[in-house]
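The values are calculated or read from the model by the stated rules, or taken from the named source; none is laboratory data. Keep in mind that this is a model prediction, so the values were computed, not measured. Backbone-built Cβ (ideal geometry, glycine too); neighbour counts: all protein chains shown. Keep in mind that these areas ignore ligands, DNA and RNA; they rest on the heavy atoms of the full protein, side chains included. Shrake-Rupley method; radii C 1.70, N 1.55, O 1.52, S 1.80 Å.
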Amino acid sequence: METKIVQFGGNDTYEVSSTENCRVVNVSMKVNGKLLASFKYNYRYRSIRDCDGGLDRTRLNIQKNIEYDISRGLNVISGLDLQCLTLFPENMQKINERTKMLHYIKDFGTVYIGRSIINPNQKEPITNAALNAVSCYYGQNLDLRKSKHIIIVLEYPVGMYGEGLMEEKRLSSLFPNASSDLIIISKDIPDNETAHAAIIISGEEEELRIERQTPMYPQYRIPIKGMTKDEYLRILVTEGAKKRYGDTIPENVRQRINHELDMIRWYNASDYFLLWYDLLTEARKYLGAMTGPGRSSAAGSIVNYCLGITNIDPLEYGLLFERFLNLNRKRSLPSIDIDIDFDEESREKVMAWAEKKYTDRCARISTYHYNKDGAVDKVGIHVCGAVLCNKPISDIVPLRKVVDHHGHEVDCTIYGGQNVEDIGLIKLDFLCLNELSLQKAIIAKIKEEKHIIVDMDKIPTDDALTMALFQEGKTTKINQFDGRSMRKFLRQMNPTTFKDLILINAVLRPGIIDSIAKLIERKNRPELTDDILPCLSSILDETYGMVVYQEQVMLISQKIADFSPKLSDRLRKAICKLKTKDLILLKSKFIKGGIAKGYSQDTMIRLWKKINDEGIYAFCKSHVACYTYIAYSSAYLYVHFRAIFNKIYKDYYQYK
């Protein structure tokens, strides 16, 4: 007796046993303790398309709650009501002697089942339900459409019979690898029962796994004839650097730009930065969009800063490009991700612009809701995600029509958001931030009433009135700084710089919150700061000797142990994600690297312990710096235009 694993979201087992004449498989599958499906399968039987005449519903002997003899073939009990389907009556074995057979279990080892409700109100309801059923596994990075051996069981009322027959013909196009081994079984059910589609697929996980592909960036059209995309990107970045830093670009800025552009060129990723530059230029200049200063690690790139994609100077705040562009990837598989926040009104305009510009090279992303039985019962549209490609997306992944909240049909990939990037599509996240909508309305009102134009990209980060608001803890209307604990912390910490605000915003989180008392004490009494190595003051002074940011872990390892940027990023990941094997290896490298630079073993051991104990809760400084800037901008508007702020704030949140 042989036992193997059956997967359906969770795990169950089936037994494989042998007889004299054939190999028989008994399969029992359960979800939440309820029987979903069971089989008795003789692998000698052929695909129905190997039989003369193709699919004939009259050849399917369908009865209920009957146990058939093993020799009669595949018995499928589909659904919780134990409906029993006999696939091949005995006389069908003699129709054709071709050797192409379905070896579901013998050759492929694992059975996957997906199940979905058929919604008769949808366009192409059966095709959509089949897509829903295979989507059950996209979250596990499996594409069941790649299987060569597929059974589709359809249960729908007699009223859908004509439409069902037409759609059954379409289903084969969804499973290009199945060819002759695609079996479709249809069963009539009463009108008052819920229609379902079930997909039964066999295949080893290695065959079905979604493998990460080289990104297929849309080709940016260079306006200067004969110029490469890398050359044009450099021109744009240089122009942006002069606007940011002056006509004479400082040497440290020039070096950082060259380093980043060299890496972007090496990864062949210039198109990605150009498309974001193009999109945000359109959004701000022509669509009136209010955008955030950046988010996540994208603010660590000076290229992004010079292009206007982000608005936080990475050099001023010690943000790292290597935190943004993961150097552990293969050259053909860079991990580059830029997400942008928009005001609520503008986000849909920007997405519509992208859909119009890129036409069939742009699509939205499907989302799926599962009921308690594990069946897909609702399909939606990813609220902020879209994908782009350098060719029609339908050439890469099947698309479906999903109705949006306006009642319009939208092309969506059947892959969920986790997998679209793995197959090479370029995922863009158009995020919506209420705080930007509020700021946009306030700025418009200031212009209308006071004839003053406020440029949020140029407000001073050392404004005395704004800092006083934070010091007094009067921030009940400032998002992220409005909580009671936060306001108490502000009064105790008495922030005097924008970097203090970034620090406060970073530490008021579970885990690191226990360090608040120590930070307050060190802020007010600097002599209490315990410096293991004085040479680290340039890295740790702004956090009063504590490791608070992930970037600090990287910088310490580079400065003290001579780690490369790539290795320091690996250390950052190992500490934050508790990768024990990596930590053992990196500890040895860290200590040896420090000793080679003249530091004692005891000092290196103490420093290793410090960055591990404190670094486990370290936060991405790029991200917290961006969101602190948004909060600071709101505070600036509040103290300088309080009456307008209060009126818009009240109206906005009453509406919300």
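So, in Å, what gap is there between the alpha-carbon centers of the stretch 573-608 and the stretch 387-454?
What the calculation gives is 43 Å, centre to centre.
Under a Cβ-Cβ cut-off of 11 Å, what is the net charge of the residues other than LEU261 that fall near it, where Lys and Arg count +1 and Asp and Glu count -1?
0
Just subtract the alpha-carbon distance of HIS369 and SER537 from 0.36 nm times their residue separation and send over the number in nm, one decimal.
55.4 nm
Let's test the formula: R0 of 45 Å, r as the Cβ-Cβ distance of ASP651 and ASP613. What FRET efficiency results, to the nearest 0.05?
The value I calculate is 0.40.
Using amide H atoms built in the peptide plane, which far-off residues or other-chain residues are under 5 Å from ALA289 H to H?
ARG284
Want the number for ILE520 to ILE605: 0.36 nm per residue separation, take away the alpha-carbon distance, what's left?
Result for the pair: 27.9 nm of gain on full extension.
Nearest 0.05, what FRET efficiency do LYS356 and LEU431 give at R0 = 22 Å with Cβ-Cβ as r?
0.60
Can you list the HN-Hα couplings for the stretch 640-649, worked out from phi with the Karplus curve (6.51, -1.76, 1.60; θ = phi - 60°), rounded to whole Hz and with x for Gly and Pro?
9, 9, 4, 4, 5, 4, 4, 5, 5, 4
Return the subset of LYS488/LYS587; LYS349/LYS458; LYS592/LYS621; LYS458/LYS650; LYS243/LYS447 for which the Cα-Cα distance in this structure is over 31 Å, preserving the input order.
LYS488/LYS587
State the extension gain, in nm to one decimal, for the chain segment bounded by ASN141 and ASN252, taking 0.36 nm per residue of separation less the distance between their alpha-carbons.
Taking ASN141 through ASN252 to full extension adds about 35.7 nm, to one decimal.
Starting from the Cα of ASN177, step 7 Å toward the Cβ, then list every residue of the stretch 392-420 with an amide N under 17 Å from that point.
396-398, 414-416, 419-420
Arranged from highest to lowest average of other beta-carbon atoms within 10 Å per residue, in what order do the peptides 434-443, 589-598 appear?
Final packing ranking: 434-443, 589-598.
Hey, any idea what the orientation-averaged projected area of the convex hull of the stretch 348-472's Cα atoms comes to, in nm²?
Over every viewing direction, the Cα hull of the stretch 348-472 projects on average to 13.1 nm².
State the percentage of accessible surface on the stretch 201-350 attributable to carbon and sulfur atoms; use a 1.4 Å probe and exclude ligands, DNA and RNA.
Carbon-and-sulfur percentage of accessible area, whole number: 44.
Hey, can you rank 529-540, 124-135 by average C-beta count inside 10 Å, highest first?
Descending packing order for the listed peptides: 124-135, 529-540.
Taking H placed 1.01 Å from N in the peptide plane, check which residues at least 5 places from ASN326 or on another chain put their amide H under 5 Å from its amide H.
Answer set, sorted by chain and number: SER335.
If the reach is capped at under 22 angstrom between alpha carbons, list the lysines near LYS123, excluding any in the same chain fewer than eight residues apart.
List returned: LYS169, LYS187, LYS378, LYS401.
Could you derive backbone 3J(HN,Hα) for the stretch 282-295 from the dihedral phi with the Karplus parameters 6.51, -1.76 and 1.60 (θ = phi - 60°), listing whole Hz in sequence and x where the residue is Gly or Pro?
4, 4, 7, 7, 10, 9, x, 6, 9, 10, x, x, x, 7
Let's test the formula: R0 of 35 Å, r as the Cβ-Cβ distance of ILE459 and ASN390. What FRET efficiency results, to the nearest 0.05?
0.35
Which lysines have a Cα less than 24 Å from the Cα of LYS589, not counting those fewer than 8 places away in the same chain?
LYS330, LYS559, LYS566, LYS573, LYS577, LYS579, LYS581, LYS597, LYS609, LYS610
Tell me, what is the per residue accessible area of the stretch 472-624 in Å², probe radius 1.4 Å?
On a per-residue basis, the stretch 472-624 sits at 47 Å².
Given that compact globular proteins tend to follow 2.2 N^0.38 Å, what is the ratio of the alpha-carbon Rg of the stretch 388-430 to that value?
Dividing the Cα radius of gyration by 2.2 N^0.38 Å gives 1.19.
Take the alpha-carbon positions of the stretch 518-656, form their convex hull, and give its projected area averaged over all directions (one quarter of the hull surface) in nm².
11.5
I'd like the carbon and sulfur percentage of the solvent accessible area for the stretch 586-656, probe radius 1.4 Å, heavy atoms only, ligands and nucleic acids excluded.
The computed percentage sits at 52.
Determine the share of the stretch 481-554's accessible area contributed by carbon and sulfur atoms, expressed in whole percent, with a 1.4 angstrom probe.
Roughly 47 percent of what the probe reaches on the stretch 481-554 is carbon or sulfur.
Sorted by average packing, counted as other Cβ atoms within 10 angstrom per residue and highest first, what order do 378-389, 481-492, 240-251, 304-315 take?
Those peptides, ordered most packed to least, come out 304-315, 378-389, 481-492, 240-251.
Which listed residue (VAL403, ILE423, THR413) has the Cα farthest towards the positive end of the charge dipole for the stretch 396-467, taking +1 on Lys and Arg C-beta and -1 on Asp and Glu C-beta about the Cα centre?
In the stretch 396-467, that residue is VAL403.
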